[in-house]
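Before any comments, here is the structure.
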Amino acid sequence: MYKVIFNNHEVLIEAKKLNKQTIVQKKKITNKNKLEMNIIANDVLDCLTKAKELFYNQFNEYAKSIEVTKLSSLKDQVIDQRVSA
């Protein structure tokens, strides 16, 4: 059992402008589009693959970030095995 969090620290670019041949961007980090789900998988990489497919099938776009955390039980006790993409 794995806990998957999508778009936890999404970076939004609010404005762009050209300043002496460099691009200056105003950035904002948000978790407004955060989505959590539990997935049963064989290992962490299998869970990451399933999570990518599920998100793409549901929203027709890829997630900005995916965090996978292994749960030791259904009571959300977390083991330190994490993967991000």
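Note on region 45-85: among residues that are touching a Phe, Trp or Tyr at 6+ places or on another chain (Cβ under 7 Å) and hydrophobic (A, V, I, L, M, F, W, C), the one that is modelled with the lowest pLDDT is 71. Tell me, which residue of region 27-64 that is outside any strand (DSSP E or B) and β-branched (Val, Ile, Thr) is surrounded by the most Cβ atoms within 10 Å (Cβ to Cβ)? For region 27-64, the residue satisfying everything is 44.
The values are calculated or read from the model by the stated rules, or taken from the named source; none is laboratory data. Note that the coordinates shown come from a computational prediction; the quantities given were computed from them, not determined experimentally. Note that each Cβ is placed from the backbone with ideal geometry, even for glycine, and that neighbours are counted across all protein chains shown.
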